[in-house]
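Report on one structure; see the data block that follows.
The values are calculated or read from the model by the stated rules, or taken from the named source; none is laboratory data. Keep in mind the model is a prediction, meaning the values are calculated, not measured. Cβ placement follows ideal geometry from the backbone for every residue including glycine, while neighbour counts extend to all protein chains displayed. Keep in mind that these areas ignore ligands, DNA and RNA; they rest on the heavy atoms of the full protein, side chains included. Shrake-Rupley method; radii C 1.70, N 1.55, O 1.52, S 1.80 Å.
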Amino acid sequence: MTVLRECTGPERDADDVAQLWQFARQRGMDRERFEAALSDGGLSAALAACMDLAGPADQREDQEVSGETKSTAENWFKDTSPFVAHDNGRCLEARLEHMQGVITPTNLFFVRNNSVSLDVQPDTWQLSIEGDAVREPLTLSYVDILALPSRTVVAYLDCAGNQRAMFDLVNGESTEGTQWRTGGVSNGEWVGTPLRDVLTMAGIGDDAVCVMLVGLDTESPEEGFRSVIPVEKAMHPDTLLAYALNGETLPRDHGYPLRALVPGWVGSTNVKWLGQIVVSSKPIWTRNNTTSYVLIGDEYPAEGKAQGQVTHCQVIKSALALPWPADLRAEPHRIHGYAHSPDGPISRVEWSLDSGATWQKATLHSPQVQYSWARFEFAWDPAPGSYTIMTRATDDAGNSQPDAIPFNAKGYLFNQPIPHPVRVT
């Protein structure tokens with residue numbers, strides 16, 4: 001579904017009208033009603049009329065709703081068949097072998113939930129911005145958010161626990177948490193309003209230290225999922241309050257109506273079903289930066305009230321777009337995969353068949369826009385047998401995947417080169 005890229009008032013700019021009409025049409029509004037709303041009150045009135053409709057056409061329509069939110073019995077709104085559905089009912093691991101291009105199709109985009117996917121109704125949803133470091137606390141509706149100037153950001157999203165299973169499979173070290181292999185990551189085009197614009201509207205003060213993002217998903221009545229980011233990251237122009245993914249209204253499994261997008265940072269900071277923003281003049285400590293999403297181990301001294309080092313920025317990684325293990329025929333192949341880094345574009349990806357004793361250069365495809373991952377590929381004509389393929393990425397800043405990383409109890413940020421098993425017959 002096409003969404004309105006920008007709507008800042010009643011002005012009837014032709015491009016704005018065209019974009020809004022596409023949005024209205026896909027929500028089921030006919031042209032006559034659209035023109036009437038536009039004539040009566042301009043873009044804002046037409047947008048408000050869109051919000052009165054049943055909901056996004058690409059969402060499941062057969063879910064009866066009672067109250068503001070509900071969960072489905074199956075936990076998901078999207079078709080789960082293309083994924084590895086982990087048995088905790090909260091994680092849909094993407095299969096990279098289903099992906100061909102740089103942008104991950106929305107139906108293949110991985111999901112990591114705190115509880116279950118929520119069905120939040122936009123007409124009753126609100127976002128509050130408050131805290132001791134804002135002068136003018138405010139509450140915004142969905143219509144208010146859509147009416148703000150927008151920004152488009154291409155960025156990958158990577159769970160802190162992505163590749164966690166490799167601590168055991170590669171290093172023989174058992175870790176807590178969902179045993180993701182390589183599919184806790186996807187790459188998309190996001191549209192939203194910069195978080196800094198909303199914070200500025202609320203009169204953020206010079207004494208602001210951190211910003212806490214609070215989601216509506218919760219395991220207890222008093223606390224939704226929450227993440228704390230420093231004010232500098234919150235005020236970065238590419239940190240978004242996102243309401244669209246890949247040119248369509250944000251799907252319910254991905255945080256509809258609004259989520260945070262914090263490019264280059266671990267997935268948990270990109271809070272879904274956002275309902276509250278707290279701006280503080282003092283550090284805020286919650287479960288998710290004291291005991292969860294913390295690197296706990298001998299190599300990670302504690303910081304603040306955390307049990308170790310709090311995870312923030314992602315790390316450089318690469319992975320093959322192959323099943324695990326892969327079965328291939330003894331014939332020429334073009335093998336591809338994906339690599340990304342929070343510190344800049346990927347400049348080189350290499351592959352090895354001898355456990356890293358020697359490396360060959362892969363080909364990088366497509367310009368890496370903004371925070372996108374890179375697609376790489378190489379030609380391989382194997383004879384029958386069993387193989388292990390490893391890949392190693394390097395970014396423009398000179399960072400490369402390390403030969404080894406220290407163990408941490410929760411298995412976060414694994415980024416050694418992964419030995420991928422392949423059987424050729």
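Close contacts from the stretch 352-371, counting a first residue that is at negative phi and free of Cβ contacts under 8 Å to residues at least 12 places away in the same chain and a second that is part of a loop (DSSP other than H, G, I, E, B) and open to solvent by less than 70 Å² (accessible area, probe 1.4 Å), with Cβ to Cβ under 9 Å and a gap of 6+ residues or different chains, come to PRO367/PRO345. Return the residue satisfying two criteria in turn: it lies in the stretch 53-99 and is open to solvent by less than 80 Å² (accessible area, probe 1.4 Å) and hydroxyl-bearing (Ser, Thr, Tyr), and of such residues it is modelled with the highest pLDDT. Applying the filter and picking the extreme gives THR80. What about VAL102, is it at pLDDT 95 or above, part of a strand (DSSP E or B) and within 30 Å of ARG181 (Cα to Cα)? No.
Scanning the stretch 188-228 for residues that are among the β-branched types (Val, Ile, Thr) and free of Cβ contacts under 8 Å to residues at least 60 places away in the same chain returns THR193, THR200.
For ALA160, the conditions (1) open to solvent by 40 Å² or more (accessible area, probe 1.4 Å); (2) part of a loop (DSSP other than H, G, I, E, B); (3) at pLDDT 95 or above all hold with the exception of (1).
Going by the structure shown, is PRO194 within 22 Å of the chain's Cα centre (by Cα), open to solvent by less than 30 Å² (accessible area, probe 1.4 Å) and closer than 30 Å to ASN107 by Cβ?
Considered against the rule, which asks whether it is within 22 Å of the chain's Cα centre (by Cα), open to solvent by less than 30 Å² (accessible area, probe 1.4 Å) and closer than 30 Å to ASN107 by Cβ, PRO194 comes out as yes.
Within the stretch 406-425, being within 14 Å of LEU169 (Cα to Cα) and out of contact with any Gly (no Cβ under 7 Å at 6 or more places or on another chain) holds for PHE414, ASN415, GLN416, ILE418, PRO419, HIS420, PRO421.
Test THR152 against the criterion of being closer than 30 Å to SER366 by Cα, in a strand (DSSP E or B), touching a strand residue (DSSP E or B) at 6+ places or on another chain (Cβ under 7 Å) and open to solvent by 10 Å² or more (accessible area, probe 1.4 Å), and give yes or no. So THR152 passes the test.
When VAL271, VAL228 are checked against the criterion of being touching a strand residue (DSSP E or B) at 6+ places or on another chain (Cβ under 6 Å) and open to solvent by 10 Å² or more (accessible area, probe 1.4 Å), a single residue qualifies: VAL228. Inspection of the stretch 141-149 identifies at least one residue that is among the polar types (S, T, N, Q) and more than 22 Å from TRP265 (Cβ to Cβ).
VAL279 meets each of the listed conditions (1) more than 16 Å from ASN113 (Cβ to Cβ); (2) not in a strand (DSSP E or B) apart from (2). Listed by position, the strands (runs of 3 or more DSSP E) inside the stretch 284-362 whose residues that are in contact with a strand residue (DSSP E or B) (Cβ under 7 Å, 6 or more places away or on another chain) and crowded, with 20+ Cβ neighbours inside 10 Å number at least 2 are 317-320, 333-340, 346-352.
Within the stretch 232-255, restricting attention to residues that are touching a helix residue (DSSP H, G or I) at 6+ places or on another chain (Cβ under 7 Å), in a strand (DSSP E or B) and of a type in the set (A, V, I, L, M, F, W, C), the residue that is surrounded by the fewest Cβ atoms within 10 Å (Cβ to Cβ) is LEU241. Which ones in the stretch 170-191 are open to solvent by less than 10 Å² (accessible area, probe 1.4 Å) and among the small types (Gly, Ala, Ser)? Scanning the stretch 170-191 gives GLY183, GLY184, SER186, GLY188.
Pairing each residue of the stretch 154-173 that is under 27 Å from GLY188 (Cα atoms) with any residue that is of a type in the set (Ser, Thr, Tyr) and in a strand (DSSP E or B), provided the two are 6+ apart or on different chains, yields C-beta distances under 7 Å for VAL154/TYR371; ALA155/TYR371; TYR156/SER186; TYR156/TYR371; LEU157/SER186.
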